[in-house]
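Report on the structure given below.
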Amino acid sequence: MELIANLGLGLGVAATPINLLYCLAGVFLGTLIGVLPGLGPTATISMLLPITFVLPPVSALIMLAGIYYGSQYGGSTTSILVNLPGEAASVVTTIDGYQMARQGRAGVALTAAAMGSFFAGTVATLLLALFAPPLAEVALKFGPADYFSLMVLGLVASVVLAHGSLLHAIGMVVLGLLLGLIGSDVTSGGQRFTFGLPQLADGIGFVVVAMGMFGLSEIIRNLEPGDDRAGLVTWKINRLMPTKEDWKRMVKPILRGTILGSALGILPGSGSILGSFAAYSLEKKVSKYSKEFGHGAIEGVAAPEAANNAGAQTSFIPMLTLGIPSNPVMALMAGAMIIQGIQPGPAVITEQPALFWGIIVSMWIGNLFLVILNLPLIGIWVRIIMVPYRYLYPAILCFCAIGVFSLNNSEFDIFLMALFGLLGYLFIKLDCEPAPMLLAFILGPLMEEYLRRAMLMSRGNPMVFLQRPISVTLLVIALLAILLVFVPAFSKTREEAFVDEG
Amino acid sequence: MASPIRSIKEFLTGIIYMAIGSGAVLIAVLGDYKIGNAVKMGPAYFPLVLSFILIFIGLISLVRSFIKPGTPVGAIAINGLVLVIIPTVLFGLLVRKLGLVIMLPLLVIISSYASRQFRWGPALALAVGMTIFCTLVFIKGLGVPLPILGSWFGG
């Protein structure tokens, strides 16, 4: 069994004391930012990226991955205890989780969330191990036209999943692509849109944009009048152990949530958010307790929490196999790999097997850590939730300022970050979501490159995108995704669902 | 109120998209970026296509702003904007001259002031704590080349 041999190799890498330590550090930090509303994985990973330069590649990626899926765990704790989603993917958990807490069943809700997440994490890890290698082989067959269409699909998905107006989301994507082109043109070597500034010759770093638009502008938004988080009440946790009846009601929703979350997580542009919403809606439809939904149904906690954790892990698949990040967090992961001298893409599995399998196995270990961190040690997190935001955001600002400087040891990046913070807030006020823009910003230069190559090979015939089977399939999926927006049932959930992913 | 604009958000977004799109076209034209053709695309080809799409989207948004009523922009965190952006820029301008032990507490205290529950005691404590923590972790630990005391103090 090749799979077992591979997982064994991964275990050998992930279970070394040093990597266990970084895995623990990652999931600990992930839980921390998950618990704290107003600080999300995109901003945190951007701030920590400079720190990982000094680590070996495997350790760095193990830690960063832990932050991402760890934040999905932590997000549920805040949802359940204080009715505030710690992460965008935990929004639906507030509905029934908080009701359970009010009925004195906070502990049971936390266990349901943790068990659902752990099961989903285990399954998603296996899926990743099973499907990544064959997908990477398919990826080797990808031509420039196919890559271009894949990126189109990713951007379309991020537009469909953005909240607010579809037109503005498309505008943000185009704007992001355009901003991504600032710097040297790869083919001709000439400078484009640099305003004669030498600091822009290599383009704008995406970490700068991410910190500005997700770190700074998020702080400014949280400082808006009338958005007080004062007067938080947390509910006492009496009993963690669910009753036999609870267990019975949890099993199927967790299974369904895991499947749904894993499948939707692979979709470019999606990540963990879509899965949690879909899983909640599905349970509400199929459950025989559907009347209890909104009044503390345990299914309404278990299913979305399973789904968001599964999605967080399967969203690594496009990045690890195709080298195309499917959301801003994955783009940061890809950035971390490039900084470490590893080109993300289908070759990673064959050329860096220890790294690849080490990360996968670490995810399972990380999930185990998370159960321990989130159940017996829940008391710590309860206290952290009570830290007022007014002490938190100046600290975030310090980390952003020093972090962005340390990327290139340049003050210019601090000014750029401030500019993007300003722009980000402006766009938030105009209901234009920054997440699609950031993804487009990262994909801009890649898209241009693949478009050029595809057109060169087809001698200028744009039909090449419709003649290649992979490319045309991806474009059809993209078209279907756009049409989905006009289905009334979907557009309604879309409106309710997609608050900012931070 | 007889303003013909029915959605201020659509209107402003339209203007911004069109301005950025036209700006990019202008820079490409003035900078004499080569367009090339579909087979051999020059540096201006893809950006120009994107710019025209952006101008077009802006135009639709602009037209819609006169037709479809929208929601108002809502409260703007002026305090937050000024007290977050300005000290960040100051930090960039002065950190090499004044050093981390002066700029970091300034950053913490000025930005803390944006909160309506600002109190001197906790803000000062946070400033001291963050300065010690960041100096140890970033400068001593990770070797970020920022001076603890800046050039104005002979650092």
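Within the option set A:Ser59, A:Ser71, being within 20 Å of A:Ile219 (Cα to Cα) and small (Gly, Ala, Ser) holds for one residue only, A:Ser71.
For region A:365-462, the helices (runs of 4 or more DSSP H) that sit wholly inside it and include 1 or more residues that are within 14 Å of another protein chain (Cβ to nearest Cβ) are A:389-408, A:411-429, A:434-457. Residue count for region B:51-77 under the criterion of being more than 9 Å from chain A (Cβ to nearest Cβ) and among the aliphatic types (A, V, I, L, M): the result is 5.
With respect to A:Ala145, determine if the residue is of a type in the set (A, V, I, L, M), out of contact with any Cys (no Cβ under 8 Å at 6 or more places or on another chain), surrounded by fewer than 24 Cβ atoms within 10 Å (Cβ to Cβ) and farther than 24 Å from A:Phe369 by Cα.
no
Annotation: of all residues in region A:288-341 being at pLDDT below 85 and of a type in the set (S, T, N, Q), the one that is nearest to A:Ala106 (Cα to Cα) is A:Ser290.
Reported count of residues in region A:277-315, each being outside any helix (DSSP H, G or I) and touching a residue at least 60 places away in the same chain (Cβ under 8 Å), is 6. Of the residues A:Val159, A:Val186, the single one that is out of contact with any strand residue (DSSP E or B) (no Cβ under 7 Å at 6 or more places or on another chain) and either more than 13 Å from every other protein chain (Cβ to nearest Cβ) or crowded, with 20+ Cβ neighbours inside 10 Å (or both) is A:Val159. The set of residues from region A:325-343 being buried (at least 24 other Cβ atoms within 10 Å of the Cβ) and outside any helix (DSSP H, G or I) comprises A:Pro325, A:Ser326, A:Asn327. Being surrounded by 21 or more Cβ atoms within 10 Å (Cβ to Cβ), within 14 Å of another protein chain (Cβ to nearest Cβ) and under 30 Å from A:Thr350 (Cβ atoms) holds for only one residue in A:Gly171, A:Gly154, A:Gly180, A:Gly176, and it is A:Gly180.
Would you mind stating whether A:Gly74 is in contact (Cβ under 8 Å) with a residue 60 or more places away in the chain and farther than 20 Å from A:Ala354 by Cβ? Yes: the conditions hold for A:Gly74. Taking region B:73-88 as the range and being small (Gly, Ala, Ser) and assigned to a helix (DSSP H, G or I) as the test, only B:Gly80 passes. Every listed requirement among (1) in a helix (DSSP H, G or I); (2) charged (D, E, K, R); (3) more than 14 Å from every other protein chain (Cβ to nearest Cβ); (4) farther than 26 Å from A:Ile62 by Cα is met by A:Asp202 save one, (1). Scanning region A:148-185 for residues that are hydroxyl-bearing (Ser, Thr, Tyr) and modelled with pLDDT of 90 or more yields a single hit, A:Ser149.
Listed here are the residues, each with its yes/no results for (1) at the interface with chain A (Cβ under 9 Å from one of its Cβ atoms); (2) loosely packed, with under 14 Cβ neighbours inside 10 Å; (3) not in a helix (DSSP H, G or I).
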{"residue": "B:Lys97", "(1), (2), (3)": "no, no, no"}
{"residue": "B:Ile102", "(1), (2), (3)": "no, no, no"}
{"residue": "B:Ile109", "(1), (2), (3)": "yes, no, no"}
{"residue": "B:Ser115", "(1), (2), (3)": "yes, no, yes"}
{"residue": "B:Ala123", "(1), (2), (3)": "yes, no, no"}
{"residue": "B:Leu126", "(1), (2), (3)": "yes, no, no"}
{"residue": "B:Thr131", "(1), (2), (3)": "yes, no, no"}
{"residue": "B:Cys134", "(1), (2), (3)": "yes, no, no"}
{"residue": "B:Lys140", "(1), (2), (3)": "no, yes, no"}
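Taking the criterion of being under 15 Å from A:Glu299 (Cβ atoms) and not in a helix (DSSP H, G or I), the only residue of region A:70-102 that qualifies is A:Val92. Scanning region B:1-42 for residues being of a type outside the set (S, T, N, Q) and in a helix (DSSP H, G or I) gives a total of 21.
Evaluate the following for A:Pro41: is it of a type outside the set (Phe, Trp, Tyr) and surrounded by fewer than 20 Cβ atoms within 10 Å (Cβ to Cβ)? It is false that A:Pro41 is of a type outside the set (Phe, Trp, Tyr) and surrounded by fewer than 20 Cβ atoms within 10 Å (Cβ to Cβ). Once region B:68-118 is narrowed to residues that are aromatic (Phe, Trp, Tyr) and modelled with pLDDT of 90 or more, the residue that is farthest from A:Val404 (Cα to Cα) is B:Tyr113. B:Pro72 passes every criterion in (1) surrounded by 21 or more Cβ atoms within 10 Å (Cβ to Cβ); (2) closer than 30 Å to B:Arg6 by Cα apart from (1). Every listed requirement among (1) surrounded by fewer than 22 Cβ atoms within 10 Å (Cβ to Cβ); (2) within 9 Å of another protein chain (Cβ to nearest Cβ); (3) more than 30 Å from A:Val186 (Cα to Cα); (4) out of contact with any Pro (no Cβ under 7 Å at 6 or more places or on another chain) is met by B:Val82 save one, (2).
For A:Leu373, the conditions (1) at pLDDT 90 or above; (2) under 24 Å from the mean Cα position of the chain (by Cα); (3) within 28 Å of A:Tyr73 (Cα to Cα) are fulfilled apart from (1).
The values are calculated or read from the model by the stated rules, or taken from the named source; none is laboratory data. Predicted model only: the values in this text are computed from it and were never measured. Note that each Cβ is placed from the backbone with ideal geometry, even for glycine, and that neighbours are counted across all protein chains shown.
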